[in-house]
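One structure is given here, and the rest of the page talks about it.
No value in this document is a laboratory result; all are computed from the given coordinates. Just so it is clear, the model here is predicted, and its values are computed rather than measured. Every residue, glycine as well, gets a Cβ built from its backbone with ideal geometry; the counts of neighbours run over all protein chains shown.
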Amino acid sequence: MTDTSLEAGAPDAAEPDQSSQPTVDTPLPTFADFDVHPDIVAALTAINIVTPFPIQAMTLPVALGGHDIIGQAKTGTGKTLGFGVPILQRIVTPTDDGFESLGQSRSIEYIWGRRCHNLRSRGFRALARIPTLGGLSVSCLNVADEAIAALPEFPALRELMPMDIPDAGYRHIGKCERLESLVLMYCRDTGDAATEHITRLPALRKYFASYTRITDRTPELLSGMETLESVTFDKCAGLTNAGIRSLARLPRLKELGISGRRITSDVATAFGSAVTVHYSL
């Protein structure tokens, strides 16, 4: 990689007001003119950021070309976008190349991507090479089952939010022996069949489900997982008091969060004083 040093000057400012740049007779180059990804250009345009500041105009051609950069400019001149846009460009590309790049990291600890539908099988496998990745929350809508099978190979994975993984895919999650936290948020199609695959996880301490399709079968299954310390069911319409009461068998349960139209507050009486119950309508 080539190191390139750039300098740009501008008046000090706490934050750059990039939406109110001066109008000149000669058209100024836009972010689109620098071959910035259309999705990024659209997001910037939506907040009236169209024309790069000088430090950005100097930085973009070099950084987008894959070269290292050292940029020197005063506070408030827009350095963050100058460096941030090229980084973001590598992530939002319509192929797995951006995720391949992330897979080369040796320090990333958490990745969140609710709508990263550009993540596909090759990129997902690349993430499995990150030795420090402890938390993963990504959409697997376009990731094939054979790639999801790589989940047990993630060397440091402790927390998982498996968005857009079908119930059958949870058989791979059930093999993640180091997994401590499973968060089913944005997992509205997840049902009891998924729960059946995870009951043998040896280290799971936290289970969270929100607006899923689970029924009383799920808490009954979870009641046999002696490692669980925290369980939350948020607005899961298929749950009733009968299912929730089964969790009283958990020997290490410390915290229980419950809400839903078929659950009433008196279910808390099934749990001893050692369990903190959070109930909401």
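Applying both filters, DSSP loop and at most 14 other Cβ atoms within 10 Å, to the trypsin sites (Lys or Arg not before Pro) of the stretch 69-128 gives Lys74, Arg106, Arg114, Arg115.
The chymotrypsin sites (Phe, Trp or Tyr not before Pro) found in the stretch 210-280 include none that occupy coil by DSSP while having at most 13 further C-beta atoms within 10 Å. Going from the residue with the fewest nearby Cβ atoms within 10 Å to the one with the most, Phe53, Phe31 rank Phe53, Phe31. Taking Lys and Arg as +1 and Asp and Glu as -1, the other residues whose beta-carbon sits under 11 Å from that of Asp192 total -2. Most simply put, the chain has about 0% antiparallel DSSP beta bridges, counting only bridges with both residues inside it. Restricting the stretch 188-233 to trypsin sites (Lys or Arg not before Pro) that sit in a DSSP loop and have at most 14 other Cβ atoms within 10 Å of their own Cβ leaves Arg188, Arg200.
Each label was represented as a point 7 Å from its Cα along the Cα-to-Cβ direction; for Ala248 and Thr264 these points are 1.5 nm apart. Exposed loop sites are taken as GluC sites (Glu not before Pro) in a DSSP loop (any state but H, G, I, E or B) with at most 13 other beta carbon atoms within 10 Å; the longest stretch of the chain without one runs 1-108. Along the axis of the charge dipole computed for the chain (Cβ charges of +1 for Lys and Arg, -1 for Asp and Glu, origin at the Cα centre), the listed residues Thr232, Gly113, Phe83 are led at the positive end by Thr232.
Taking the Cβ of Arg205 as the center, what net charge do the other residues with Cβ under 14 Å away carry, scoring Lys and Arg +1 and Asp and Glu -1? Write out the running numbers ahead of the final one.
On the way: positive: Arg158, Arg178, Lys206, Arg252, Lys254; negative: Glu159, Glu177, Glu180, Glu226, Glu229, Glu255.
Combined, the nearby Lys, Arg, Asp and Glu give -1.
Spin-label model, Lys235 to Ala274: label points 7 Å out along the Cα-to-beta-carbon direction sit 3.3 nm apart.
Taking other residues whose beta carbon is less than 11 angstrom from the beta carbon of Ile263, and scoring Lys, Arg as +1 and Asp, Glu as -1, yields +1. You can think of it this way: the chain between Ala32 and Thr75 has 13.0 nm of extra reach, that is 0.36 nm per residue less the Cα-Cα gap. Listed by chain and number, the lysines whose alpha-carbon sits under 27 Å from that of Lys175, ignoring those within fewer than 8 places in the same chain, are Lys206, Lys254.
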